[in-house]
Each structure stands twice: as structure tokens, then as C-alpha cells.
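Here it is, the structure, as C-alpha cells.
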Ligand code: PGA
């Protein structure tokens, strides 16, 4: 199966017009490469307009997602956005526990778990991000910490859920730095994550993603990864020439 591509715009761009122009590039990419699955994760404030743009375009291989969601379903939680609101806005995916969000809100593993449960309850496909600052090299990967991130986040899941589900390995030192983890490291960590998922009976349901400085250059090597089902892309999501090359390389994958 071709690897799936997730584009995290983070807190960019600054105006609705820019968001719409950038999204138009993704629409044309999706139209020109119908075999590729693309998911764009814009800031909340653009979702409604981009969803209309998406509906008008008629493309089916481009979807929308959000960068976070609340731990609760509704109520007196000022500043929070619920899973159901996102779903009603045309979102199908949601990032959970991105390292930048974990740090900004000092999220505990239990709080990540609550967000995950909310995503499933609202019918959003979760993309759970894991990875630690301390994972600097293959010999220093903090496996007990990774294991805790995964097992605590995935506790008390409903016994039956039929949605897609992704676990993104994002070594924090690789995010936005231009440094990617090497393929052997990513394969080793992916294997470890699959073993952790197997202990929870989830290894068949959960796809593994890699994120951290995936761009038009690093993708040439990363596309060879066997254990990985897709990529989470940050900085290169804002540069059409870069994300078009990434998509082309993935499309050419045999
Ligand atoms: P990056 O970001 O591609 O800019 O490293 C990845 C991410 O934060 O998901």
C-alpha cells in the first residue's frame, strides 16, 4: 500500500486568503495524483472554509484533520474545541499528543488518553504522536518511556472500534531541525511500537507513521522504510514545491 501523507500546518499561515491558496495547492496535488492519500491539518479557524473548498473541489483523496481536541465532550471548558465540533466542521482526523502540544499544555499520559477516547467517541481517526527529547541516538532510545506513552495513552479503549488509527513516531530532536532519524532507527522503533501494540491486541489496527524533518530531500531515503505506513510532515507542508516532490516520490514507490 502507498504510504499516507499527513500535513501539519502548525500555527500557519496567518490569513484566511493564504490558507485558501495553500490548500488549493493540495487540492491540485490530490487531483493530479489520485492514488495518493493526503490529510491536511490546518489551524482550527480555517477548517470551515477549507472544508467548503474541499467539498466544491469534489476530490476524495484529500481529507481534513485538526491539530488537537479537548479532553471533554462539552461544557464549561473555555478555549477548548470538542471532537464533535471538529467532526461537524468536516474533520475526519485529529492529532493527539504532538510534542509541541504536550509541552505547551504540560499534558500527562492520562490526559492524552482522555483525548484519544474523545476522538474515538466523536468518530475522528486519531494520530497519536509519541517520541521523546531523550531519544537522541539508537543506543539512547528511551524504550521504557516510549512504552509508557503508548500503553497509558491506549488504555480503556472500546473493545471494538472500526476506524483507522495511527501511531506517529516523532523523535523530538528531529522535529523542525532538518535532522531525520536514520532508517534503521525508525525500523527498530516501529518494530518495538508494533510489539507494544500487539500486547494490547491493536497491532493489526494501528498504522505506524514517522515524523521529523520529512522533506523533499529526506523522503528519498525515508520512502524505503518497510515498517512505516506514512509520514507526518510539518515545515514542508507550507512549501508547495516540497510537498509536491514528497508526494511524487511516494507515488513512485514500488
Ligand atoms: P517537521 O515537523 O516536519 O517540521 O519536522 C513535523 C511535526 O512536527 O509533526
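Kindly indicate the residue of segment 68-106 that is within 16 Å of the ligand (Cβ to nearest atom) and touching a helix residue (DSSP H, G or I) at 6+ places or on another chain (Cβ under 7 Å) and also nearest to residue 131 (Cα to Cα) among those meeting that condition.
Per the stated criteria, the residue is 99.
Here is a follow-up. Need pairs with beta-carbon distance below 6 Å; first residue within 24 Å of residue 253 (Cα to Cα) and within segment 1-23, second within 11 Å of the ligand (Cβ to nearest atom) and outside any helix (DSSP H, G or I); sequence gap 6+ or separate chains.
Close Cβ pairs (under 6 Å, with a partner that is within 11 Å of the ligand (Cβ to nearest atom) and outside any helix (DSSP H, G or I)) amount to 5/231; 6/232; 7/233; 8/41; 8/234.
To continue, here is another question. Of the residues 121, 148, only one is more than 16 Å from the ligand (Cβ to nearest atom), touching a helix residue (DSSP H, G or I) at 6+ places or on another chain (Cβ under 9 Å) and under 20 Å from residue 172 (Cβ atoms); which?
Within the list 121, 148, the selection yields 148.
All but one of (1) touching a residue at least 12 places away in the same chain (Cβ under 8 Å); (2) more than 15 Å from the ligand (Cβ to nearest atom); (3) out of contact with any helix residue (DSSP H, G or I) (no Cβ under 9 Å at 6 or more places or on another chain) hold for residue 115; state the number of the condition that does not hold.
(3)
Could you pull out the residue among 180, 163 that is within 17 Å of the chain's Cα centre (by Cα), under 16 Å from residue 230 (Cβ atoms) and at pLDDT below 85?
Result of the check over 180, 163: 163.
Can you tell me which residue is surrounded by the most Cβ atoms within 10 Å (Cβ to Cβ) among those in segment 1-36 that are within 16 Å of the ligand (Cβ to nearest atom) and part of a loop (DSSP other than H, G, I, E, B)?
3
Here is a further query. Quick one: count up the residues across segment 182-216 that are surrounded by 14 or more Cβ atoms within 10 Å (Cβ to Cβ) and under 19 Å from residue 4 (Cβ atoms).
Count: 22.
The values are calculated or read from the model by the stated rules, or taken from the named source; none is laboratory data. Worth saying up front: this structure is predicted, and the values here are computed from it rather than measured. Every residue, glycine among them, receives a Cβ derived from its backbone with ideal geometry; neighbour counts consider all protein chains shown.
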